[in-house]
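Here's the structure we're looking at; comments come further down.
Every read-out reported here was derived from the displayed coordinates using simple, explicitly stated rules and does not represent laboratory data. No experiment lies behind these values; they were computed from the predicted model shown. Please note: Cβ atoms are built from the backbone with ideal geometry, for glycine as well, and neighbour counts cover all protein chains shown.
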Amino acid sequence: MQLSENFTWSLTDVLGRGSTGCVYHGRHRTTGAPSAIKVLSVDGMRRPPELQERESRVLAELDHPNIVRLLAVEEESVTRHRVVVMEVCSGGSLHSILNEPENAYGLSEDDFLQVLSDVVAGMNHLREKGIVHRDLKPGNIMRAFRADGKATYKLTDFDTARWLEDGEQFVSLCGTEEYLHPDMYARAVLRTSQPRAYHATVDLWSIGVTIYHVATGCLPFRPHAGPRRDQKLMHQITTRKPKGAISGVQEQANEKITWSDTLPSSCLLSECLKSLLVPILANVLEADPRQCWSFEQFFAATKDLLQRELLHVYSLPQHTLHRVYYRAHDTWAQLQELLSGLTGVTPDLQLFFNEGRPLAAAVASAAAAGGHLPATTPHDPVVLASAGTGQAQAAALRQIELHIPTFSRNTDMLQDVHTAQDAASAAIQIHRLSDRVVQEQVVARRAASWIRSEFEDDTRTALQRLGEVKVRRDAAVDLLHKTSRLCTLATRHEQLASAPGCVAEVEAAVRSACGRLEELEGRLMEVDASCAPGGDLSASWCQSVGFQLSDCSVERLAVLAKLSLDTLVQFDRDLQQRKMSAMDVHMHNLEKQKLEANLKEALALFHDNVNSLHSAFEQKSLTWQRELMERKAEVRAIGVDMDQLGSQLKSAQEQLSALQDRCFERLEKMATMAPPSKHLAAYKDVSREIKMHKQKEGLKESCEDMLGEQVDLLKRFSNITNLTLDPELPATA
Ligand SMILES: Nc1ncnc2c1ncn2[C@@H]1O[C@H](COP(=O)(O)OP(=O)(O)OP(=O)(O)O)[C@@H](O)[C@H]1O
């Protein structure tokens with residue numbers, strides 16, 4: 001047991017080793033509180049005292065949740081060597097986290113954002129204190145756990161940190177070569193002769209490489225032989241990088257470098273986050289200090305990214321779940337543009353659904369302005385459908401970019417550990433992708449039922465409208481019939497010179513409207529039938545196509561991933577063993593064959609089952625969506641036609657009413673003329689009926705004003721205008 005004034009630690013309880021010392025897990029002697037005790041190695045102690053003390057001097061200046069806290073600087077009781085006591089970060093370094101097989105393709109989006117946010121906050125604090133770290137890398141970012149169990153990342157290892165005034169430069173060389181700014185790399189690694197001064201922004205290069213590494217699980221600049229084996233090429237890659245490129249990889253020995261200005265498809269980050277991250281990376285991975293962003297620009301861009309609101313949106317045409325990061329003050333139109341870029345569905349065609357109901361644009365826009373769109377999760381996203389009826393977009397088949405290891409027949413323990421690591425990473429990634437595909441299909445099924453029920457609502461509304469127009473049609477036909485009788489009656493009076501008007505024209509219009517309405521009704525009934533169970537547009541296919549509950553491929557993939565991890569653990573153990581018996585080696589080789597077989601099975605399951613089932617689902621879904629949207633457009637068009645017919649019929653009714661009025665005027669005139677005594681009683685009747693009709697018309701008009709287009713009332717009303725005139729009334733006086 002080692003002791004200092006207040007702390008105690010065991011030399012066997014190592015948290016980590018570095019080039020200058022070893023860090024042990026310690027405890028406070030009276031409270032028992034855990035701590036990390038950094039004890040300098042012999043090499044560390046050979047450094048000038050000023051350098052040895054630098055870390056604790058820098059740490060003493062800093063006080064931030066994302067920077068490892070200095071607890072004390074004490075002396076070891078026997079050797080009197082200085083020890084630096086810090087808060088302990090029990091979650092290991094980011095370097096060790098990235099080495100875990102599940103993180104071989106980078107961290108998950110939530111973890112990545114946590115790292116980014118914490119590292120940026122820590123760097124910001126350093127900047128405020130005028131400190132440049134000079135050795136930023138995943139190995140110097142530690143994970144601690146808060147009381148609520150959440151991870152916090154903290155910057156550590158301030159051995160090489162120093163104070164730097166704004167604009168000041170330094171000449172000393174420090175840092176870790178893969179993360180080193182190209183200028184420092186040239187001098188520190190390639191030992192180029194001309195001395196140079198460096199600006200504090202070299203930290204930005206290192207943080208750019210670190211962010212890329214955390215996002216993808218690999219370094220951005222990679223000669224085929226590896227960064228440490230081909231240092232000349234490594235330097236060429238970083239200095240010859242085209243503007244905007246964020247990675248340069250030599251895929252094959254002696255071959256050209258493949259530049260990329262995007263993050264690889266294998267990385268676990270969403271497309272939206274990638275699109276926000278790429279410009280940041282492109283601007284900090286810039287060797288020329290005149291082109292590189294300043295700290296302020298970096299902090300502004302990362303702040304903008306980290307402060308965004310998150311909306312989970314499931315794009316049904318793409319069968320993809322998107323994480324959409326929007327600014328709280330973005331307008332709905334801006335959000336729609338953002339979604340258009342991500343999904344290819346232009347704003348005019350975007351249809352949104354939330355919790356089974358259409359997300360009315362007005363509600364959405366009001367909510368977006370206030371920054372409070374509905375709360376969403378990956379399991380409960382807002383659904384985006386496309387109203388487009390054109391050729392559906394190509395199915396977004398899962399691209400699977402994996403590093404599949406080659407299994408050698410030789411027994412090389414170290415090589416086998418690497419192979420097992422790659423195999424386990426690939427198996428985990430296959431399972432993760434498959435699981436995501438299955439989860440997304442669950443959302444797709446739900447989304448399909450939502451858009452179908454909205455379509456049913458549209459159809460129901462159209463049927464209701466049809467009913468209303470039919471009532472109007474019946475009223476118009478009835479009115480036509482009566483008006484035509486009335487006209488016949490009124491024109492029989494020879495003493496009256498002119499006819500009251502021509503009913504034939506209106507009759508033609510009413511008849512044509514009736515024909516058209518019949519046709520629309522037929523079409524609407526056809527659409528309605530297609531929604532019924534068994535119809536073209538029923539969503540029953542959703543349950544029969546794609547994954548079924550009984551399908552256990554994903555569960556099997558989880559088992560295969562777990563078995564691959566077990567093999568890796570076993571191979572790690574084998575590697576630790578100094579000497580293995582022939583039987584041990586035999587078992588090791590059997591395990592390797594099993595690992596190879598497991599990976600083969602996982603790949604076959606993914607391609608032949610998961611992907612093919614999902615492709616079938618996507619294809620069917622795309623065709624169904626297109627048909628549904630075509631029918632939806634048809635229902636909309638029928639609705640417009642019905643509105644037109646409604647107005648046509650209304651205007652016919654008005655014309656007929658006017659005609660009736662004129663007829664009655666004539667009849668009234670006729671009634672005031674001296675009638676022959678034998679028909680006097682009949683004339684009186686006509687006269688009375690005319691009065692009654694006029695009263696009824698007046699009443700009808702005021703009710704129409706009051707009730708507007710209430711067609712059913714109109715119909716009732718038209719019934720009471722049933723004027724009973726004697727058709728046999730004499731034509732002459
Ligand atoms: N506060 C801490 N809590 C837990 N582990 C720690 C802590 N600080 C350091 N470590 C572990 O100890 C290792 C070495 O620490 P540190 O990086 O400070 O040493 P170093 O000699 O300066 O390393 P380098 O070679 O990177 O310069 C770290 O990689 C980490 O795994």
- Using all C-alpha to C-alpha distances in region 592-671, build P(r) with 5 Å bins and read off the rounded percent in each one. 4, 11, 8, 8, 6, 7, 6, 6, 6, 5, 5, 4, 4, 4, 3, 3, 3, 2, 2, 1, 1, 1, 0
- Message: Let's test this: bin the Cα-Cα distances of region 229-388 at 10 Å from zero up to the farthest pair and state each bin's percent.
- Response: 10, 32, 27, 19, 11, 3, 0
- Item | Global geometry of region 175-311, whether rounded, prolate or oblate, following the gyration tensor of its Cα atoms and the 1.5 cut on a/c | oblate
- Item | Charge sum, other residues only, whose C-beta stays under 11 Å from residue 317's C-beta, Lys/Arg counted +1 and Asp/Glu -1 | 0
- Could you work out how far the C-alpha centroid of region 1-37 sits from that of region 321-336, in angstrom? 49
- Item | Part-to-part distance (alpha-carbon centres) for region 81-117 and region 216-273, which is given in Å | 23
- Query: What list of ³J(HN,Hα) couplings, whole Hz, do you get for region 474-480 from phi and the Karplus terms 6.51, -1.76, 1.60, once you set θ to phi - 60° and write x for glycine and proline?
  - Reply: 4, 5, 5, 5, 4, 4, 4
- Any idea how far the Cα center of region 514-580 sits from the one of region 395-457, in Å? 13
- region 1-76: C-alpha gyration tensor shape, a/c 1.5 cut-off, then a/b vs b/c: oblate
- Message: Distance cut-off 31 Å, Cα to Cα: go down the list 154/592; 137/243; 38/241 and report the pairs above it.
- Response: 154/592; 38/241
- Task: Give the peptides 144-150, 256-262, 230-236, 21-27 in descending order of average Cβ contacts within 10 Å, highest first.
- Result: 21-27, 230-236, 256-262, 144-150
- Message: What does the extension gain come out to for residue 334 and residue 380, with contour length at 0.36 nm per residue minus their alpha carbon separation?
- Response: 14.3 nm
- Summing +1 per Lys or Arg and -1 per Asp or Glu among the other residues with Cβ less than 13 Å from residue 6's Cβ gives -2
- Message: At 7 Å along Cα-to-Cβ for each site, give me the label-to-label distance between residue 551 and residue 22 in nm.
- Response: 5.4
- Ratio of region 486-634's C-alpha Rg to 2.2 N^0.38 Å, to two decimals? 2.52
- Note on the structure: Quick note, region 510-553: a/c under 1.5 would make it rounded; otherwise a/b > b/c is prolate and the rest oblate (a ≥ b ≥ c, C-alpha gyration tensor); here it is prolate
- What order, most packed first, do the peptides 427-440, 304-317 have when packing is the mean number of other Cβ atoms within 10 Å of each residue? 427-440, 304-317
- Query: What FRET efficiency comes out for the pair residue 585/residue 255, r = Cβ-Cβ distance, R0 = 60 Å, nearest 0.05?
  - Reply: 0.95
- Task: Identify all aspartates and glutamates with a Cα-Cα distance to residue 303 below 14 Å; exclude those on the same chain that are fewer than 8 residues away in sequence.
- Result: 118
- Note on the structure: The value for region 1-139 (convex hull of the alpha-carbon atoms, volume per residue, Å³) is 129
